[in-house]
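The values are calculated or read from the model by the stated rules, or taken from the named source; none is laboratory data. Remember, it's a predicted structure, so these values are computed and weren't measured experimentally. When we count neighbours, we look across all protein chains shown, and the Cβ atoms used for this are built from the backbone with ideal geometry, even at glycine.
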Amino acid sequence: MQTVSIMTWIARTALPRKIWLRSKKRYLEKKKKKMKEIIKAKRPFVRKELSRNDAIKFFSSLGETYKVELLNEITDETVTVYEEGDFTDLCRGPHLESTGKVKAFKLLSVAGAYWRGDEKNKMLQRIYGTAFPSKEELKKHLDFLEEVKKRDHRRLGKELDLFSLNDDIGAGLVLWHPRGAAIRRAIENFWLDEHHKAGYQILYTPHMAKLDLWKKTGHLDFYKENMYSPMEIEGLEYEIKPMNCPFHVSIFKSHLRSYRELPLRFAELGTVYRYERSGVLHGLLRVRGFTQDDAHIFCREDQIEDEVLRVLDFTLFILKTFGFSDYDIYLSTRPEKYVGAEDAWTKATGALEKALIDKGLKYEIDPGEGVFYGPKIDIKVRDSLGRQWQCSTIQVDFNIPERLDINYRGSDSKDYRPIMIHRALMGSLERFFGVLIEHYAGAFPFWLSPVQISLLTISERHAEYARGILNALIKEGIRVDMDDDNEKIGYKIRKATMLKTPFMCIIGDKEMENNTINIRKRNGDNVGEMTIDALTAFLKNEISNRR
RNA sequence: GCCACCGUAGCUCAAUCCGGCAGAGCAUCGCAUUCGUAAUGCGGAGGUUAGGGGUUCAACUCCCCUCGGUGGCUCCA
């Protein structure tokens, strides 16, 4: 969505070593002026062909070592360069015919980037900018960026008092405030109910386990860089969990399993801790402690496809309930570092693909992006601004059943190894919450809203009547609050509107006399006067339809 | 982790460039007002300027370290 390009002709002067925020703005301002001049001059870009050797000589004489490095790797005998005035750049092209063709542009930011995208290389400064064929299109894009800023979950999280991250607690560790926790509870209740209906059994497991367990599972070999250092308890080492699977396996193994029990579906809202490098942490979207809506399905090989189909249906239903009906699906295949037999990978990948084809779902292959223990299907949702977010993942695993030696007794009284399917629909509650905040711009649908309805009194003498309504609605399980502050009604409406409370009840003399309330929506629409019974029925209907 | 920048009252931000009494709006608290659909008025309180060290007669301001955040890079639920 965002247009990013390296404009070679603004890179003509190197960035100063140190840039203050204010001088950074000034710096971009200066660059902008220079660019405008160049555009106005309508200087042509001239394409030239050089032999590779001449090009190396030419760029070496300019001291452009990076271009020389690129040239040394090019095998073609001739290369193309583009000239604009006294500036010559190595580029395959094509270029615009002249600088005058640039109609609308904006420089956005300055940031470091590793030379050729490799963190072992030196870091260079990169200027980000965007250009469009017309001023209108540029404005549209800048408006979009403005809207993205307004919806930023970190900003809304503070404004709506949903969550916080605190210095004293630690980086990437989330505090859910009452209002955020109310939303989480609504999500969790929905999730638990639906999992029960879909034939899952709910588990709870500990936050840590002996280090030896993680050796057995292979995590210490393949996942070490994401795990925290172990802690010692009475001479034994324990590790805080980065994944839930070993615990679920342990429950599977707690007694002998029959083929009749399969598929066995274990689900848990399991909190895991993973080491993430400080620079990658980002609000709720990238944290160090998070709760996965995890599940592990133990099944026979011939049940994989059917189970994957069920999971796909289930996932799309859950996502749809949260207002996501647009998504992109990816099938990730065997990575370089992997465990298990090639034959098993082929079979599992085939099963995943067949399920996608049966459902008639469009998907792309993501080569080599599978997890070390098996191939996976990832579903990335598109939010109301069309941005892509990775949430759901369905992974086949034939490594852990092998390593942890899990079996079931077949109809022939022999032991067989089950296949394990890992899946998370929302991914992590933290990330999903962050995505939801941005998707709804903080204006949650009624069933998710932290406060669903606010009772606003006109003056002190209405407080008692309002309190009666408050208690009645609380009894009905509605998240309601009352604003009986000594303030004008306009101010109370403003407060509730800014908190994006879906409904407000205005309570004054008229309502008290008629034994009614008057409802107003957060967008300003008036729903009208109704009795308490009618209100309760109306609100319950909204909840059951998840609006 | 790497590069650059930032951290001032609960929140949003001045004062930092060029060292010289740390300031405003909102929120909070008190008083007045009892009001009909997006801000009633007046007053009070609120700070070891993220933490630590250094330079200086003097540090929010300059230097170093630590912690945290932002934009990217690399990696990912």
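Figures for the structure shown
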quantity: The listed residue being surrounded by fewer than 17 Cβ atoms within 10 Å (Cβ to Cβ), basic (Lys, Arg) and assigned by TED's automatic domain parsing to the domain that holds residue A:255, out of A:376, A:414; calculated: A:414
quantity: Index of the failed condition, residue A:162 passing every other in (1) more than 30 Å from residue A:262 (Cα to Cα); (2) out of contact with any His (no Cβ under 8 Å at 6 or more places or on another chain); calculated: (2)
quantity: Condition broken by residue A:203, with the remaining ones in (1) away from RNA strand B (no atom under 15 Å from the Cβ); (2) in contact with a Lys or Arg (Cβ under 7 Å, 6 or more places away or on another chain) satisfied; calculated: (2)
quantity: Number of the condition not met by residue A:226 [criteria: (1) in contact with a Leu (Cβ under 7 Å, 6 or more places away or on another chain); (2) modelled with pLDDT under 95]; calculated: (1)
quantity: Strands (runs of 3 or more DSSP E) contained entirely in the range A:65-170, each with at least 1 residues that are without any contact (Cβ under 8 Å) to a residue 40 or more places away in the chain, in the same structural domain as residue A:48 (by TED's automatic domain parsing) and over 29 Å from residue A:47 (Cα atoms); calculated: A:104-114, A:123-132
quantity: Only listed residue being closer than 21 Å to residue A:432 by Cα, surrounded by 13 or more Cβ atoms within 10 Å (Cβ to Cβ) and in contact with a helix residue (DSSP H, G or I) (Cβ under 9 Å, 6 or more places away or on another chain), chosen from A:165, A:213, A:220, A:192; calculated: A:165
quantity: Residue list for the range A:318-338, filter: among the aliphatic types (A, V, I, L, M) and touching an Asp or Glu at 6+ places or on another chain (Cβ under 8 Å); calculated: A:318, A:329, A:331
quantity: Enumerated strands (runs of 3 or more DSSP E) restricted to the range A:358-431, each holding at least 1 residues that are modelled with pLDDT under 90 and within 16 Å of RNA strand B (Cβ to nearest atom); calculated: A:364-366, A:388-397
quantity: Residues being in contact with a helix residue (DSSP H, G or I) (Cβ under 7 Å, 6 or more places away or on another chain) and not β-branched (Val, Ile, Thr) - total across the range A:73-89; calculated: 5
quantity: Given (1) within 15 Å of RNA strand B (Cβ to nearest atom); (2) among the aromatic types (Phe, Trp, Tyr); (3) assigned to a strand (DSSP E or B), number of the condition residue A:228 does not satisfy; calculated: (3)
quantity: Subset of the range A:196-214 [in a helix (DSSP H, G or I) and closer than 16 Å to residue A:232 by Cβ]; calculated: A:211, A:212, A:213, A:214
quantity: Within the range A:231-257, considering residues that are out of contact with any Ser or Thr (no Cβ under 9 Å at 6 or more places or on another chain) and not in a loop (DSSP other than H, G, I, E, B), the one nearest to RNA strand B (Cβ to nearest atom); calculated: A:240
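Matching residues to (1) away from RNA strand B (no atom under 12 Å from the Cβ); (2) within 25 Å of residue A:244 (Cβ to Cβ):
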residue	(1), (2)
A:140	yes, no
A:148	no, no
A:164	no, no
A:167	no, no
A:174	no, yes
A:179	yes, no
A:185	yes, yes
A:199	yes, yes
